[in-house]
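Novice: Quick one: structure below, then a few questions.
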Amino acid sequence: METYDVIVLGGSAAGLTAAITARRFNPDKKILVIRKEEKVLIPCGIPYIYGTVGSTDKNLIPDAVLEKNNIDLMIGNVEKIDRSGKTVLTDKNSMVGYDKLIISTGSDPMIPPIAGSDKDNVFTVKKDDKYLTELLEKVDESRNMVIIGGGFIGMEFADECKKNRDIDITVVEMLPHCLMLVFDEEFCKQGEDLIMERGVKVLTGEKVEEITGNSKVEGIKLSSGKKIEADLVLIGIGASSNSKVAIDSGIEVNEKGSIVVDKYMGTNDENIFACGDCCEKFSFFTKKPVNLMLASIATNEARIAGANLYKINRTNEGVIGAYSTVIGDTALARAGMSEREAQDNGYDIVVGMAEGPSCHPGCMPGGSNLKVNLVFEKGSGIILGGQLIGAKSGGELINLISGCICKRMTADDIATFQMGTHPALTASPIAYQISNAAEMAVKQLG
Ligand SMILES: Cc1cc2nc3c(=O)[nH]c(=O)nc-3n(C[C@H](O)[C@H](O)[C@H](O)COP(=O)(O)OP(=O)(O)OC[C@H]3O[C@@H](n4cnc5c(N)ncnc54)[C@H](O)[C@@H]3O)c2cc1C
């Protein structure tokens, strides 16, 4: 039996990043990644297979990065972790020994208890290239597609599937608005308008009660009694941790089945770490458990787990939650808490808003409007969150806002921070949105 110093289970966002980080901190260790699939999809790129990118093969994480970092790869489904013997066993009967193990087995899509979910032409978003290639064929054949779930995934799929196709698409969301788990109402409404302008129908406040048809889907029945014809249904309502192999070996999990980790990403076994969608997250603000699964969080945790295997080097401060998406050419993004979430958590808040062109003058090529909202705690003036809508540069600006949150900057710090600007690249220094939004808050904070 071959033995490695470090074995990483999973080869996606978390697994790959954990293995590379482990290599950086341990140049002389023998490291192995074991993953189920031959080809690993870029998980966040999946919706773009159906429009912009065009095939699963163009949306893959290259394996070259493993070779470059002198990390071995084994393809196999790990079915057993023997913690006392410090070995793992795959479905192909390969047994390998480890000194330190990192579990990054990710998540699987949630399937709601809706009657008819098992009919033909009902799909979820599995991170599996063959399954998603079959879905691509079905989307190409479809005339009436229903997407259950108006979160990021549902909206991105709707936008992409509509591209260059003569297809009717309806997004059904049970909450009063799409994107409501992330944004405040004003931003949700703008997101809905954007997707409807692209020809997608949106039904909110509607629960799917049944997927109808014989063996193949023919429609859906809603709680209001309304019926919609459909030849293809895609369910995008979230994901749950894939932690079976950890549970079977006695690794502690929470009530949702996510692996319990400490702030060093360690589990209840001192030689086993975990990171990514398979493990529990807690809020940066409240330190309470939160239900967020993002590749950006997974890689952040992986950079902590991979660094801490032999000596504690890094600490997890909790999840800020920085999201971004794009509908058509308009970016929508959020970091930290929305106004609603901050208030629900008992914060007394002040909100500063600024809006203006993303280039200067606004007629510069590629420039468009960008609106930024920043939420601050009354009293301390510390930033709690930010939301933006508009120019695609917002995708990077939200990361800057996340950095401000991480460093607990105040409205005054942000209003006076030193930015770099350029007519073709950024907003004007006079109208720089985050400085001005902070300035608006400073005025209210007194
Ligand atoms: C459609 C879609 C769009 C998304 N868009 C974004 C986005 O824009 N931004 C963002 O931050 N996040 C996005 N996410 C979320 C992001 O994809 C996940 O948070 C991310 O994939 C988590 O990475 P992970 O490595 O923890 O898990 P996964 O990506 O689920 O990977 C798990 C890995 O473990 C392997 N594995 C599992 N069990 C075993 C086993 N027993 N033995 C061996 N190997 C095993 C799998 O094969 C896989 O390699 C999106 C998700 C989806 C579905």
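Novice: If one computes the Cα centroid of the stretch 31-45 and of the stretch 69-111, what distance in Å separates the two points?
Specialist: What the calculation gives is 13 Å, centre to centre.
Novice: Given only helices, namely DSSP H runs of n ≥ 4 each adding -39500 (n - 2.57), what is the per-residue ellipticity at 222 nm of the chain, to the nearest 500 deg cm²/dmol?
Specialist: Numbers: 11 runs with 108 residues, N = 446.
Result for the chain, helices only: -7000 deg cm²/dmol.
Novice: What residue among GLY11, GLY150, GLY420 has the largest mean-square fluctuation in a Gaussian network model of the chain, using Cα springs under 10 Å?
Specialist: GLY420
Novice: Okay, moving on. Give, to the nearest whole percent, the P(r) tail of the stretch 199-263 beyond 13 angstrom, counting all Cα pairs.
Specialist: Numbers: 1538 of 2080 pairs.
Roughly 74 percent, once rounded to a whole number.
Novice: Then there is this: Roughly how large, in nm² to one decimal, is the mean projection of the convex hull of the alpha-carbon atoms in the stretch 54-152? Working shown, then result.
Specialist: Numbers: hull surface 40.2 nm².
Its Cα hull, projected and averaged over all orientations, spans 10.0 nm².
Novice: While we're here: What accessible area per residue comes out for the chain, rounded to a whole number of Å², with a 1.4 Å probe?
Specialist: Details: 19970 Å² over 446 residues.
Normalised by residue count, the accessible surface of the chain is 45 Å².
Novice: Considering only protein heavy atoms and a probe of 1.4 Å, how much of the accessible area of the chain is carbon and sulfur, as a whole percent? Mind showing how you got there, number by number?
Specialist: Numbers: 9890 of 19970 Å².
Accessible surface attributable to carbon and sulfur in the chain totals 50 percent.
Novice: Still on this structure: Tell me the accessible surface of LYS80 in square angstrom (1.4 angstrom probe, heavy atoms of protein chains only), to the nearest ten.
Specialist: Surface open to solvent at LYS80 totals about 110 Å².
Novice: Under the rule a/c < 1.5 gives rounded, and otherwise a/b versus b/c splits prolate from oblate, where does the stretch 263-409 land using the Cα gyration tensor? Please list the in-between numbers first.
Specialist: Details: a/c = 2.60, a/b = 1.68, b/c = 1.55.
Judged from the Cα gyration tensor, the stretch 263-409 comes out prolate (a/c at least 1.5, a/b above b/c).
Novice: Consider just the alpha-carbon atoms of the chain and return their Rg together with their Dmax, both in angstrom.
Specialist: When restricted to Cα atoms, the chain yields Rg and Dmax of 23.0, 68 Å.
Novice: Turning to a different aspect of this structure: For the pair LYS287 and ASP57, how long in nm is the line joining their label points, each one 7 Å along Cα→Cβ?
Specialist: Those two pseudo-labels are separated by 5.2 nm.
Novice: Grab the beta carbon distance between GLU38 and ASP348, set R0 = 41 Å, and tell me the FRET efficiency rounded to 0.05.
Specialist: Numbers: r = 53 Å, r/R0 = 1.30.
After rounding, the FRET efficiency stands at 0.15.
Novice: Another question, if that's okay. Between ASP28 and ILE75, what is the FRET efficiency for a Förster distance of 45 Å, r being their Cβ-Cβ separation, to the nearest 0.05?
Specialist: On the way: r = 25 Å, r/R0 = 0.57.
So, using R0 = 45 Å, E works out to roughly 0.95.
The values are calculated or read from the model by the stated rules, or taken from the named source; none is laboratory data. All of these numbers come straight from a predicted model, not from anything done at the bench. Cβ sites come from the backbone with ideal geometry, for glycine too, and all protein chains shown count toward neighbours. The area values use the complete protein model at the heavy-atom level, side chains included, leaving out ligands, DNA and RNA. Shrake-Rupley method; radii C 1.70, N 1.55, O 1.52, S 1.80 Å.
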